[in-house]
Ligand code: RB5
């Protein structure tokens, strides 16, 4: 499994912690920045991670900004991206099982590192259930085509 990571300055610390957790688990973890405390614009990182995930079928993304909201809005603008802002272990699991999310988003100023690590693990160990959820995801894709 390949995981692409991106954050702005407000999410960098948590992004680095999640990346090293993933790497320790033997996951191929790629850091697309930011790598400094300088103020940067989160849509730039949502774009890099979203494009990378779409370019490599089966890969997933992790995005972190201060609240997780800006990254979620930005990533979900990209056709084919389903970015889920996680707020507990159940939503982490369901983001995969029901929404087939291909990017998970965290609010670096809103969650503890321990929680974020366990939510990422819960997301990664879940599997998409398909069935009625596949139909709903197809409807989301259709909405996306209508509004483009
Ligand atoms: C940066 O200060 C902050 O606005 C950003 O990290 C994010 O929370 C936006 O949604």
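Every read-out reported here was derived from the displayed coordinates using simple, explicitly stated rules and does not represent laboratory data. Only a predicted model underlies this, so the values are computations on that prediction, with no experimental measurement involved. Cβ coordinates were reconstructed from backbone atoms using ideal geometry, including for glycine residues, and neighbour counts include every protein chain displayed.
Would you work out if the range 80-148 is rounded, prolate or oblate? Take a ≥ b ≥ c from the square roots of the eigenvalues of the alpha-carbon gyration tensor; rounded if a/c is under 1.5, else prolate when a/b is larger than b/c, oblate otherwise. Mind showing how you got there, number by number?
Numbers: a/c = 3.42, a/b = 1.66, b/c = 2.06.
It is oblate, given that a/c is not under 1.5 and a/b is not larger than b/c.
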task = On a 0 to 90° scale, report how tilted helix 132-146 is relative to the longest principal axis of the chain, with both axes built from alpha carbons and the result rounded to the nearest 10.
result = 80 degrees
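Let me know the shape class of the range 4-49, please: from the alpha-carbon gyration tensor, a ≥ b ≥ c as square roots of the eigenvalues, rounded when a/c is under 1.5, otherwise prolate if a/b is greater than b/c, or oblate.
Numbers: a/c = 3.10, a/b = 1.68, b/c = 1.85.
Oblate, since a/c reaches 1.5 and b/c is not below a/b.
What shape does the range 21-148 have by the C-alpha gyration tensor, where a ≥ b ≥ c are the square roots of the eigenvalues, rounded means a/c under 1.5, and otherwise prolate means a/b greater than b/c and oblate the rest?
oblate
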ask   = By how many nm would the segment from residue 112 to residue 2 grow when fully extended, if each residue of separation counts as 0.36 nm and the alpha-carbon distance is taken off?
value = 37.2 nm
query = Which whole-number percent is the relative contact order of the chain (Cα, under 8 Å, 6+ apart)?
reply = 24 percent
ask   = Highest GNM mean-square fluctuation, the chain, Cα pairs closer than 10 Å: which of 27, 103, 69?
value = 27
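Can you show me the helix-derived [θ] at 222 nm for the chain, built from DSSP H runs with n ≥ 4 at -39,500 (n - 2.57) apiece and divided by the number of residues, rounded to the nearest 500. Please report the intermediate quantities before stating the final value.
Values: 6 runs with 71 residues, N = 148.
Per the formula, -15000 deg cm²/dmol.
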inquiry  = Tell me the angle of helix 12-24 to the major Cα principal axis of the chain, expressed in degrees between 0 and 90 and rounded to the nearest ten.
reply    = 80 degrees
task = Just need the relative contact order of the range 74-148 here, percent rounded to a whole number, with Cα pairs under 8 Å and 6+ apart.
result = 33 percent
query = What angle do you read, to the nearest 10 degrees and between 0 and 90, between the alpha-carbon axis of helix 113-125 and the longest principal axis of the chain?
reply = 30 degrees
query = So what is the relative contact order of the range 28-100, in percent, for Cα pairs below 8 Å that sit 6 or more residues apart?
reply = 23 percent
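Of the peptides 30-38, 46-54, 133-141, how do they stack up when ordered by the mean number of other Cβ atoms within 10 Å, highest first? If you can, show how the numbers build up before the last one.
Details: 30-38: 14.3, 46-54: 21.7, 133-141: 11.9.
Result, highest mean Cβ count within 10 Å first: 46-54, 30-38, 133-141.
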